[in-house]
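One structure is given below, encoded as structure tokens.
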Amino acid sequence: MTQEHRQKSGFDTRAIHAGYEPDPMTGAVIPPIYATSTYKQDGVGGLRGGYEYSRSGNPTRTALEGNLAALEEGERGFAFASGLAAEDTLLRTICVPGDHVVIPDDAYGGTFRLVDKVLSRWGLEHSPAAVSDLDAVRAAIVPGRTKAVWIETPTNPLLNIGDIEALAAVAHEAGALLVVDNTFASPYLQQPLTLGADVVVHSTTKYCGGHSDVVGGALVVRDLELAESIGFLHNSVGAVAGPFDAWLVLRGLKTLGVRMDRHSDNAEKVVEFLAGHPAVTQVFYPGLEDHPGHAIAARQMKRYGGIVSFRVTGGEQHALDVCSRAEIFTLGESLGGVESLIEHPGRMTHASVAGTDLEVPGDLIRLSVGIETADDLLGDLDRALGAR
Ligand code: P1T
């Protein structure tokens, strides 16, 4: 797909075509899995298509990177071995010892652990702030030292919403970058770079891959100088996506739009059901009109996605029981696959924030609502919640 076509076409066309042209020799419409570590050179330095060694570049990965850049409306994409590998490479690209970042006060537990337990040893400091509170984010910035305002929107697991446009202005005023972890929304529902963000982060393990069969991560940027610096560390640190993993994510992306619409349809039904259930005390979903971030979400998201969190009447034990009793909702970490998942953030995905300011309530349950038949999902939840 030519650059000109790419810019003019709709999201689903880009999802299916961007990043790869049918192979000139065979006409293969899908990129091969280039399972090769190295490339024959035509004389020393005579690289074919720029490929030299598969840590530096691999055609299957290139196709994925081009596709991600097109979907996020960025200039360059980078595919990593995991979401956390992407985060680590980004933070080490933009920060040096003594620098500081602002992170969400309800960030994904692994992101918090990376910043708090790993990069802190290399002199990176951080302050948590609510992404929904511009004043809190502004106050958390350390003038001259804050290199990035890092947000998730919606956040994991509490589905808080940050105003990307306003936060970009706050970050830029302080000379910092706005980094948006767009994992929950996916590029179909929200394109942060078009709203002023500087970097988009993905755990492609989730909606981009979409089938719970691969772990991967990505960064997408607009600025070519920043892309150059990220590219340097991508290769120098080497946490790159392998060709098979890149191929799986690329295949997943082709159906992202239809999947996200169905995830959103089903999540809306689940939210309505939970909101009317006597064993549920609170439902977190940005599509709810009384969600504090609803108006902003309505402005910056196409729909509200497939993640729903809720609290139950019977405290932590009740939440653990619901997780164990669910059947179609499979008890497991992760999210964003076609199958529905249920989990207890306090004991599972967010165990690493226990005892910190980021601790999540014990009676909280997180659902990744899949694309199964909606009535079956509601029946499963009804059973799992116990006697009415
Ligand atoms: O698992 P990995 O591909 O390394 O991605 C990390 C990550 C980054 N950002 C967000 C918002 C995430 O949700 C994740 C991973 N999250 C889970 C595994 C989870 O169940 O929440």
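The values are calculated or read from the model by the stated rules, or taken from the named source; none is laboratory data. Owing to the predicted nature of the structure, the values given are computational and were not obtained by experimental measurement. FYI the Cβ positions are ideal-geometry reconstructions off the backbone, even for glycines, and counts take in every protein chain you see. Surface accessibility is based on the protein's heavy atoms, side chains included, excluding ligands, DNA and RNA. Shrake-Rupley method; radii C 1.70, N 1.55, O 1.52, S 1.80 Å.
Just a few scattered comments:
- Gain on full stretching of the segment that runs from Lys269 to Thr36 - 0.36 nm per residue minus C-alpha separation: 79.3 nm
- Axial C-alpha extent at least 15 Å, average Kyte-Doolittle at least -1.0 - helices from the chain (DSSP): 59-71, 83-94, 224-237, 243-254, 256-275, 315-325, 374-385
- The alpha carbons of segment 313-353 occupy a box of 29, 24, 13 Å along the principal axes, longest dimension given first.
- Expressed to the nearest 5 percent, the antiparallel share of DSSP beta bridges inside the chain is 60 percent.
- Apportionment of accessible area to carbon and sulfur, the chain, percent (1.4 Å): 52 percent
- Amide N of segment 166-191 lying under 19 Å from the label point, which is placed 7 angstrom from the Cα of Lys8 along Cα→Cβ: none
- Segment 1-117 - Debye-derived log10 I(q)/I(0), Cα point model, q = 0.11, 0.17, 0.18, 0.20 Å⁻¹: -0.54, -1.01, -1.06, -1.14
- Kirkwood estimate for segment 257-385, i.e. one over the average of 1/r between Cα atoms, Å: 14.7 Å
- When Thr146, Thr13 are compared by accessible surface with a 1.4 Å probe, the order from highest to lowest is Thr13, Thr146.
- Dipole of segment 204-320, positive end: most advanced residue of Phe273, Leu226, Gly314 [Cβ charges, Cα centre]: Phe273
- Probe 1.4 Å, all protein chains present, accessible-area order of Leu233, Leu47, Leu193, largest first: Leu47, Leu233, Leu193
- Compactness index (Cα Rg / 2.2 N^0.38 Å), the chain: 0.98
- Only DSSP H runs of four or more residues enter the estimate; each adds -39500 (n - 2.57), and after division by the residues of the chain the mean residue ellipticity at 222 nm equals -10500 deg cm²/dmol.
- Summing Cβ point charges (Lys, Arg +1; Asp, Glu -1) relative to the Cα centre of segment 3-253 gives a dipole of roughly 640 debye.
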